[in-house]
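Enquirer: Here it is, the structure, as structure tokens.
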Amino acid sequence: MAKLNTLVLTGASRGIGHATVKRFSSENWRVITCSRQAFSDDCPWPAGADDHIQVDLSDPANIGEAISEIRHRLKDQNSVLNALVNNAGVSPKNKNGNRLNSLETTMNDWHQVFQVNFFAPIMLARGLINELEAGNGSIVNVTSIAGSRVHPFAGTAYATSKAALASLTREMATDFGSLGVRVNAIAPGEIDTSILSPGTADIVEKIPLHRLGKTEEVANAIYFLCNDGASYVTGAELHVNGGQHV
């Protein structure tokens with residue numbers, strides 16, 4: 001019996017993460033999900049509870065434990081790792097629910113945001129490099145349109161961490177390429193999820209496609225970058241935003 005392709009996905013508990021699990025599962029991939037929350041029965045994919053790892057990406061020690069657990073699960077089923085998708089991200093707000101600018105953001109918030117949004121992806125990639133190399137794997141880092149322009153809702157720490165992650169993607173593509181591992185990024189714009197901010201409608205009016213993106217459309221882009229159709233694509237950042245960046 002042929003082995004299933006295997007994906008490790010962070011930030012799997014909602015939105016883009018949920019859509020990504022469904023997309024890969026529909027193509028018979030095994031998906032190992034990682035999130036701060038315990039597995040929820042509302043997540044409608046096969047073997048979900050058995051292939052879920054609860055991990056706090058703001059805690060480097062906990063990331064190390066999660067890497068060990070992922071490697072154990074892969075070895076236990078004699079599997080390699082075909083894809084790693086770093087989707088998790090945090091963006092703290094002020095007490096009124098608005099963006100934190102560079103004057104308001106505390107150093108504690110800076111450190112936490114960069115740990116989750118920037119350091120966790122490279123820690124996971126380095127920790128799983130042998131498994132990725134064995135699987136001719138692909139890494140996709142989820143950045144953001146906020147990484148390339150000031151956004152009315154995304155705070156400074158979030159935006160700069162995503163800009164740094166885009167740069168890291170290029171560096172990783174260079175460093176991992178000799179191992180046969182491709183590294184790309186997707187940069188979503190305004191996507192229709194449960195965490196949209198008030199005022200998003202004003203932004204949508206200026207987007208060339210005049211609508212919000214769907215989580216499924218982001219998941220399709222991730223799936224493309226993790227498969228043979230993108231076998232000569234590395235170091236790229238794919239904009240999934242309806243033309244908002246032009």
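Enquirer: If you rank ARG14, ARG126 by fewest surrounding Cβ atoms within 10 Å, what's the result?
Expert: Exposure proxy ranking, most exposed first: ARG126, ARG14.
Enquirer: For the chain, calculate the relative contact order in percent as a whole number, restricting contacts to Cα pairs under 8 Å that are 6 or more residues apart.
Expert: 20 percent
Enquirer: Between segment 103-170 and segment 48-69, what is the separation of their alpha carbon centroids in Å?
Expert: If you average the Cα positions of each part, the centres end up 17 Å apart.
Enquirer: Taking Cα pairs under 8 Å and at least six residues apart, what relative contact order does segment 132-246 come out at, in percent?
Expert: 33 percent
Enquirer: Nearest-5 percent of antiparallel DSSP beta bridges in the chain?
Expert: Close to 5 percent.
Enquirer: Let me ask something additional. Sort THR156, THR106 so that the residue with the fewest other Cβ atoms within 10 Å of its own Cβ comes first and the one with the most comes last.
Expert: By the 10 Å Cβ count, ascending: THR106, THR156.
Enquirer: Counting pairs of alpha carbon atoms under 8 Å apart in space and at least six apart in sequence, what relative contact order in percent does segment 109-171 give?
Expert: 42 percent
Enquirer: Once both axes come from the Cα atoms, what is the angle between helix 15-26 and the longest principal axis of the chain, in degrees from 0 to 90, rounded to 10?
Expert: For 15-26 against the chain, the angle is about 30 degrees.
Enquirer: Quick check: residue separation of SER148 and GLU216 times 0.36 nm, minus the Cα distance between them. What number comes out in nm?
Expert: 22.2 nm
Enquirer: So which GluC sites (Glu not before Pro) in segment 3-102 are both in a DSSP loop and have at most 13 other Cβ atoms within 10 Å of their Cβ?
Expert: Qualifying residues, ordered by number: GLU27.
Enquirer: Next up: Taking only Cα atoms, what is the 0 to 90° angle, nearest 10, from helix 215-225's long axis to the longest principal axis of the chain?
Expert: 50 degrees
Enquirer: In deg cm²/dmol and to the nearest 500, what is the mean residue ellipticity at 222 nm of the chain if only DSSP H runs of at least 4 residues count, each as -39500 (n - 2.57), divided by the residue total?
Expert: -11000 deg cm²/dmol
Enquirer: Filter LYS75/LYS214; LYS93/LYS162; LYS95/LYS214; LYS3/LYS162 down to the pairs with a C-alpha to C-alpha distance above 24 Å, please.
Expert: LYS75/LYS214; LYS95/LYS214; LYS3/LYS162
Enquirer: Rank the residues MET123, MET172 as a footprinting-exposure proxy: fewest other Cβ atoms within 10 Å of their Cβ go first.
Expert: Going from sparsest to densest Cβ surroundings: MET123, MET172.
Bear in mind that the values in this text are calculations on the coordinates, not laboratory data. Everything numeric in this text was worked out from a predicted model, so none of it was measured. Neighbour counts are summed over all protein chains in view; Cβ atoms, including those assigned to glycine, are modelled from backbone coordinates with ideal geometry.
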